[in-house]
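K.L.:
Sending over a structure as structure tokens; questions will come in a sec.
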Amino acid sequence: MKTVRVLGACLHGTGAELVTVEARFDPRDRERTEVILTGLPDPVLRESRGRLECALAENGLRLASGRLYLNLVPAARRKSGEILDLPLALGAAAASGHFEAKLLRGTLFLGEMGIDGALHAVPGGLAAAMAAREKGVARVIAPPATAAEAACLGGLEVYGAKHLAAVVAHVTGNGAGLARVAAAEEIAGAENVGPSLDDVRGVAVAKRALALAAAGGHGILFVGPPGSGKSMLARRLVRLLPPPSLEERLEITRVLSVAGRWPGGLASERPFRAPHHTVSYAGLVGGGVHASPGEITLAHRGVLFLDELPEFRRESLEALRQPLESGSVLISRAARQVELPARFQFVAAMNP
């Protein structure tokens, strides 16, 4: 028995961590196939065992009778999501002797897999590509939409695949091979779109205050009766800000990608977030079971607008102190800590 190692990734906050899938097949003294998955998988990953067996059998990679061991490294950190389906399937196929394990080296595999072997896009393609480049991994194979995200980074060989059979044919050289994915857009072209301050008549003092806030990166509070134009002015702040730099565009895109809101290329404008005052603490600051990004992280490198400021919960407003000072928020859980980016420009409005 030989141990096969395949590289995958799991999302962690707004970033990703590389995960090694270890696979070993033991054919001795078994009347049926048993799949044992270890390494702190979540329920979605534990359910992948059924998808894995069906997909492998559907594509002529049936597992023989025996015991298949699958381990996720590092074992002490919880793994979540369907992003590891493809590396799990490839590791199982290689461990069962369908092809050489060395063909999988030096490549990051991402993707959710259906029971027929069809590959489905997963969030976090750009974050996973960043983690791969940091570790010196040269190639990424993923479903087309996820591969297009990864290709935005540059410096990697990125291939899009729609089916498990296509991936196997590519790594073994027994098929036509996968087409390399090019970047979805040019690096140039960042801009800020949206309503313009030129459309606003009157309120010269408020317009000047908004322009000063944009120039100096200051927070701003509009106070006035209903219908006086507070929200209208706040929504025009993004247009006054300078277009995001390439580094800022990568940061914005990574956050949107992890949140499942990939803009279809590198983000070209700064975000504007205006959550309702009934938003929960976790919805505003971030948190939950998987430490998901909140509104302040989705507004990273952009504008966060809180209308009807006194209606927001006190604990939510108090939690904005640290992000406004440091540009990030630290979400602490019993098993781990996640630091989420939150460098935003704060705008609020309230009645007298």
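The values are calculated or read from the model by the stated rules, or taken from the named source; none is laboratory data. Small disclaimer: the values here were computed from a predicted structure and weren't measured. Because the Cβ atoms are built from the backbone with ideal geometry, glycine has one as well, and the counts that use them run over all protein chains shown.
K.L.:
Considering each residue of segment 308-344, count those that are part of a strand (DSSP E or B) and in contact with a Leu (Cβ under 7 Å, 6 or more places away or on another chain), and give that number.
P.N.:
Total satisfying the criteria: 5.
K.L.:
If you don't mind, another one. Please give the number of the condition E269 fails out of (1) more than 20 Å from the chain's Cα centre (by Cα); (2) within 29 Å of A204 (Cα to Cα); (3) acidic (D, E).
P.N.:
Status for E269: all satisfied but (1).
K.L.:
Could you please give the count of residues in segment 223-269 that are surrounded by fewer than 21 Cβ atoms within 10 Å (Cβ to Cβ), small (G, A, S), modelled with pLDDT of 90 or more and within 19 Å of V181 (Cβ to Cβ)?
P.N.:
Looking only at that region, the number is 0.
K.L.:
What's the number of the only condition in (1) in a helix (DSSP H, G or I); (2) modelled with pLDDT under 95; (3) of a type outside the set (F, W, Y) that P87 fails to meet?
P.N.:
With (1) in a helix (DSSP H, G or I); (2) modelled with pLDDT under 95; (3) of a type outside the set (F, W, Y) applied to P87, the lone miss is (2).
K.L.:
Continuing with this model, one more query. Is there a residue being assigned to a loop (DSSP other than H, G, I, E, B), of a type in the set (G, A, S), at pLDDT 90 or above and in contact with a helix residue (DSSP H, G or I) (Cβ under 7 Å, 6 or more places away or on another chain) anywhere in segment 144-151?
P.N.:
no
K.L.:
So if I check each of R67, R62, R49, which one is without any contact (Cβ under 8 Å) to a residue 60 or more places away in the chain, surrounded by fewer than 16 Cβ atoms within 10 Å (Cβ to Cβ) and not hydrophobic (A, V, I, L, M, F, W, C)?
P.N.:
R62
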